[in-house]
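Any read-out appearing in this document is the output of simple, stated calculations on the displayed coordinates, not a laboratory observation. The shown structure was predicted, so the numbers you read here are calculated from the model rather than taken from an experiment. Counting neighbours? That spans all protein chains shown, and the Cβs are built from the backbone with ideal geometry, glycine included.
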Amino acid sequence: MFNVQRVSLLLAALGSGRADLLSVAMHDRLHQPYRLRLFPRMSAVETAAREAGALGCVLSGAGSAILAAVRDSTEGVARAMEGALRAAGTAGRALALGADAEGAVWERLG
């Protein structure tokens, strides 16, 4: 139930432009607690990202990637996340990626 509420809040936040709700909407109780056992450095990375201005931060997949939602400048959040990984003895590289506002597009050729 917790995650269903968070998904609903996430969709409402994105649909209404309420970025301030992402911090709460990106919490997870279904997957993340189990994945954190495999990647315990996540807590330090998440803390660093949020302190640098990230709106939310989650472990993506089984831990191959960490996603931070950022409203404005990504540089500070990226460097903070990389620094937290380095401090934990793990290499990592932050990539600033834009959000796709269009979604999937189907075109008929010919």
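Residue count for the range 1-55 satisfying the condition of being free of Cβ contacts under 8 Å to residues at least 24 places away in the same chain, farther than 25 Å from Glu82 by Cα and not in a helix (DSSP H, G or I): 3. The set of residues in the range 72-110 that are farther than 14 Å from Ala48 by Cα and among the polar types (S, T, N, Q) comprises Ser73, Thr90. Residues in the range 82-95 that are out of contact with any Leu (no Cβ under 8 Å at 6 or more places or on another chain) and surrounded by 11 or more Cβ atoms within 10 Å (Cβ to Cβ): Glu82, Gly83, Ala84, Leu85, Arg86, Ala87, Ala88, Thr90, Ala94. From the list Ser64, Ser60, the lone residue that is polar (S, T, N, Q) and in contact with a strand residue (DSSP E or B) (Cβ under 7 Å, 6 or more places away or on another chain) is Ser60.
All conditions in (1) among the hydrophobic types (A, V, I, L, M, F, W, C); (2) under 14 Å from the mean Cα position of the chain (by Cα); (3) assigned to a loop (DSSP other than H, G, I, E, B) hold for Val58, with the sole exception of (3). In the set (1) in a strand (DSSP E or B); (2) more than 16 Å from Gly98 (Cα to Cα), Ile66 fails one condition alone, (2). Among the residues making up the range 40-81, those that are surrounded by fewer than 17 Cβ atoms within 10 Å (Cβ to Cβ) and either in contact with an Asp or Glu (Cβ under 8 Å, 6 or more places away or on another chain) or among the β-branched types (Val, Ile, Thr) (or both) are Thr47, Gly53.
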